[in-house]
Amino acid sequence: MFLSLPAALFRGGTSKGLFFVRDDLAQLGVPLDVALTSVMGGADPRQIDGIGGGSTTTSKVAIVSRSAENDIDVDYLFAQVDPQTGTVDWTPTCGNVLTGVGPFAIERGLVPTAGDTTQVRVRLVNTGAKVVLDVCTRDGRVQYSGGHRIAGVAAAAAPVRMTFTDFVGGTSGSLFPTGNRADVVGGIAVSCVDAGVCAMLVRADDLGVVGDESPAEINANRILLQHVESMRRAAGELMGMGDVAGRVVPKVMIVSNSPRADIRSRYLVPTSCHPAHTVSGAINLVTALSSPGTVAHSLAPGRGMKSTLAVEHPAGIIDLDVVMRDETPVGVALTRTARKIFEGSVFCEIDDQARRGRNKLAA
């Protein structure tokens, strides 16, 4: 049978995601994983039978609801649908897709506008982080047009200022899940850091690459990707995550010195290179850069104490403002953009066997 679901598609930062109000899914009557996989296009690398774009950066879902917490306006639950397998991973969050949560929440009546700039306080359900989004709302309406540009997006748009707090330990409960700022995996130094997202950081030269390779070059280097994947799985065990095969967390960042920024990164998701960079990964990286003893800090000692840090990635540079307390980042802010692409209904096909499963959102 076919089910119709109210939805909207947004570009958030350098990703695209399908947005739902939680109440529209709570009584779905089928497992949410099944519905989202169907909407996106099933286990098909092209996702030709759904709305997904055939890549991890375009196969994302945001589920938004009013929050029960006094100091939070909305809760944001993120889902990553794998185009290759059709599986849904609820472990990570997505800071790029988060950019669209403020505009979506306002337009769906979850948050009232307040002057030319409306603050939307968001709890990231997957990791527990808290974010304040400053959304342009001139004349009581969300403004999408503007002059702000971000690397990886051709068009300018209205800025969305994002201020993150409580972003440490969302997956493991601690900043350094192994208890160390650096470990050795397969004879290579790595840092396992849980800030924004749980990730393994490794120096490019230790992998035999420069670090300025394009995503296409990295994706074509199957030996490199296989080596990094074996290291990622070993790091997952060290972090107490068990067997992480088939899961998107921990992520991997291949880091190196940058002639244009404070540090350079190639972000793996995890078996291919991101065409730009994730927001959560950038938060992770500047946290590591600010922490002596990590592989990131070893590349640029002293830079981590700056109030503004720049991360170079394949599409350009992300600038982040960092608030430090006792030599530890406690707040990170950056500016992204979002655009509403469509709103209406999407359809998913559900068979009788799937209907006997349990909806993840059901109480």
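Filter segment 183-198 down to residues that are surrounded by 15 or more Cβ atoms within 10 Å (Cβ to Cβ) and out of contact with any helix residue (DSSP H, G or I) (no Cβ under 7 Å at 6 or more places or on another chain) and give me whichever is farthest from residue 229 (Cα to Cα).
That would be 194.
Looking at segment 74-85, is at least one residue of a type in the set (Val, Ile, Thr), over 22 Å from residue 153 (Cα atoms) and assigned to a helix (DSSP H, G or I)?
No, that holds for no residue.
Quick one: count up the residues across segment 285-312 that are of a type in the set (Gly, Ala, Ser), within 9 Å of residue 263 (Cα to Cα) and touching a helix residue (DSSP H, G or I) at 6+ places or on another chain (Cβ under 8 Å).
Within segment 285-312, residues that are of a type in the set (Gly, Ala, Ser), within 9 Å of residue 263 (Cα to Cα) and touching a helix residue (DSSP H, G or I) at 6+ places or on another chain (Cβ under 8 Å) number 2.
Go through 135, 142, 184, 190 for me and flag whichever is assigned to a strand (DSSP E or B) and over 25 Å from residue 328 (Cβ atoms).
135
Provide a single number: the residues in segment 34-54 that are among the hydrophobic types (A, V, I, L, M, F, W, C), within 12 Å of residue 82 (Cα to Cα) and under 20 Å from the mean Cα position of the chain (by Cα).
2
Would a scan of segment 104-112 turn up a residue that is in a strand (DSSP E or B), within 27 Å of residue 157 (Cα to Cα), among the hydrophobic types (A, V, I, L, M, F, W, C) and in contact (Cβ under 8 Å) with a residue 24 or more places away in the chain?
No - not one qualifying residue is present in segment 104-112.
Inside segment 107-130, can you point out the residues that are buried (at least 19 other Cβ atoms within 10 Å of the Cβ) and within 18 Å of residue 146 (Cα to Cα)?
Once the filter is applied, which keeps residues that are buried (at least 19 other Cβ atoms within 10 Å of the Cβ) and within 18 Å of residue 146 (Cα to Cα), segment 107-130 yields only 118.
Of the conditions (1) closer than 20 Å to residue 151 by Cβ; (2) in contact with a helix residue (DSSP H, G or I) (Cβ under 8 Å, 6 or more places away or on another chain); (3) surrounded by fewer than 23 Cβ atoms within 10 Å (Cβ to Cβ), residue 315 clears all except one; give me its number.
(2)
Evaluate the following for residue 286: is it of a type in the set (Val, Ile, Thr), out of contact with any Phe, Trp or Tyr (no Cβ under 9 Å at 6 or more places or on another chain), farther than 28 Å from residue 12 by Cα and buried (at least 22 other Cβ atoms within 10 Å of the Cβ)?
no
For segment 84-98, what are the residues that are under 16 Å from residue 16 (Cβ atoms) and not polar (S, T, N, Q)?
Passing the criteria: 94, 95, 97, 98.
Considering only residues of segment 68-106 that are among the polar types (S, T, N, Q) and in contact with a Leu (Cβ under 9 Å, 6 or more places away or on another chain), which is surrounded by the fewest Cβ atoms within 10 Å (Cβ to Cβ)?
Only one residue fits best here, namely 93.
Pick out the one residue from 256, 230, 214, 174 that is outside the structural domain of residue 82 (by the TED database), among the hydroxyl-bearing types (Ser, Thr, Tyr) and touching a Pro at 6+ places or on another chain (Cβ under 9 Å).
Within the list 256, 230, 214, 174, the selection yields 214.
Report whether or not residue 343 is surrounded by fewer than 16 Cβ atoms within 10 Å (Cβ to Cβ), of a type in the set (D, E, K, R) and either touching a residue at least 40 places away in the same chain (Cβ under 8 Å) or assigned to a loop (DSSP other than H, G, I, E, B) (or both).
yes
The values are calculated or read from the model by the stated rules, or taken from the named source; none is laboratory data. Predicted, not measured: the structure shown is a model, and the values here were computed from it. We place every Cβ from the backbone using ideal geometry, glycine too, and count neighbours over all the protein chains shown.
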